[in-house]
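We did not get these values from a lab; they are worked out from the coordinates using the rules stated. The structure displayed is predicted, hence computed values, not measured ones. Because the Cβ atoms are built from the backbone with ideal geometry, glycine has one as well, and the counts that use them run over all protein chains shown.
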Amino acid sequence: MRAAMRQPADVFLRSVEVIGVSDLTRPVEWRALLKNIETVVHLAGIAHAGPEVAVQTYDRVNRLATAELASAAKVIGIGHLVFMSSIRAQSGPTSTGILRETDAPHPTDAYGRSKLDAEDAVRAAGVPSTILRPVLIYGSGVKGNFARLMDLARKPWPLPLGLCRNRLSLLARRNLIDAIHLTLASPTAKGETYIVADPEPLTLKDIITALRAGAGRRPGLVPVPPALIALASNVLGRTEEWERLGGMLVADPVKLLDVGWKPAPDTRANLAALVRETRL
């Protein structure tokens, strides 16, 4: 077993060979890394970056590096490549309808487009592959939108979110790992694309309530109309941040469930447990 990392760390069993690679803004000698390897899980990419990141950087890191890896995997004869894409390859940060794999993809920013282009590159390479599109991932140390939710829950004062009934699909990191294991073990997963999400979406109100419950605190949510929050966010120059938290994004994982994926079902309990484990 081999792990290629930009910043090698002592996080694996001693049986795992850890190799340092470039940050993917430069070409990697993938063939040498793939020698004597049968399956590959490609997780690397750039995601939690601000608007200052150029389109070319997203393309180089997310699309071109993936294309180079997939081409090398095809030449080497890799039996199965699992590519970690994103729900953002399929949709913008919000969606008015429930997302399914059969929907035509409509990414709305450079990150989402680079992930969709990377998916196309994997398919074009002809290597046996599975593409996973996870939603917002939660777990210790995660960044991005979930870090913003954790920050909200940490506030000691009441929050004006009591009427926020917009539903959001979340994904426990443990459930994502189980999905990877399932696809690697399933020959029928080759050639397929799967949305990966906890089975039950939660409202923003539910999420904050669960996070605060894990800390042994009352919800402390004040019933303020979301339209007023949106207006205040606009005045404060935080419109995009509110759209990500206050909008709806529901993704249906039934296709993955139908092939035997068994995620831990209670997202509320998972969120509360996360807070207890991290001592929020």
(Q) Using Cα springs under 10 Å in a Gaussian network model of the chain, which residue among T39, T188, T209 shows the largest mean-square fluctuation? (A) T188
**Q.** Distant-in-sequence amide H partners of M5 (H built 1.01 Å from N, under 5 Å)
**A.** I19, G20, V21
Q | Net lengthening on full extension, T96/E243 (0.36 nm per residue, minus Cα-Cα) | A | 51.7 nm
Q. Using Cα-only point scatterers and the Debye equation, what is log10 of I(q)/I(0) for the chain at each q in 0.08, 0.12 Å⁻¹, rounded to two decimals?
A. -0.36, -0.80
Q: Between beta-carbons, use under 13 Å as the cut-off and find the net charge around A67, counting Lys and Arg +1, Asp and Glu -1.
A: 0
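Based on the Cβ-Cβ distance of E277 and K155, what FRET efficiency does E = 1/(1 + (r/R0)^6) give at R0 = 22 Å, to the nearest 0.05?
Numbers: r = 20 Å, r/R0 = 0.91.
Efficiency computed from Cβ-Cβ geometry: 0.65.
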Q | Over the chain: helical MRE at 222 nm, DSSP H runs n ≥ 4 each giving -39500 (n - 2.57), nearest 500 | A | -11000 deg cm²/dmol
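Which whole number in µm²/s is D for the range 1-134 by Stokes-Einstein, with the Kirkwood Rh taken over Cα pairs at 20 °C and 1.002 mPa s? Provide the component values of the computation, followed by the final result.
Numbers: Rh = 15.6 Å.
Answer, rounded: 137 µm²/s.
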Q: Taking the convex hull of the Cα atoms, report for the range 120-159 its projected area averaged over all directions, in nm².
A: 4.4
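Run through the DSSP bridge list for the chain and note the antiparallel percent, rounded to the nearest 5. Please list the in-between numbers first.
Working: 2 of 25 bridges.
For the chain, the DSSP antiparallel bridge percentage is about 10.
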Q) Fewest to most neighbouring Cβ within 10 Å: what's the order for I78, I98, I208? A) I98, I78, I208
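I'd like the projected area of the range 201-250, averaged over all directions, using the convex hull of its alpha carbons. Report it in nm² with one decimal. Walk me through the intermediate numbers first.
Details: hull surface 15.8 nm².
Mean projected area of the Cα convex hull: 4.0 nm².
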Q | Cα convex hull volume per residue for the range 59-137 (Å³) | A | 87
Q: Restricting things to alpha carbons, tell me how big the range 152-247 is in terms of Rg and Dmax, in Å.
A: 17.4, 52
**Q.** Sequence-distant residues sharing a close amide H with Y138 (under 5 Å, placed H)
**A.** L171, A172, R173
Q: Please list the non-local residues whose amide H lies under 5 Å from the amide H of L99, H modeled 1.01 Å from N, same-chain partners needing a gap of 5 or more.
A: V250, A251, D252
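State the number of lysine pairs found in the range 107-237 whose Cα atoms come within less than 26 Å, restricting to pairs 8 or more positions apart or on distinct chains. Before the final figure, lay out the partial values.
Numbers: K115/K143; K115/K190; K143/K155; K143/K205; K155/K205.
Total qualifying Lys-Lys pairs in the range 107-237 comes to 5.
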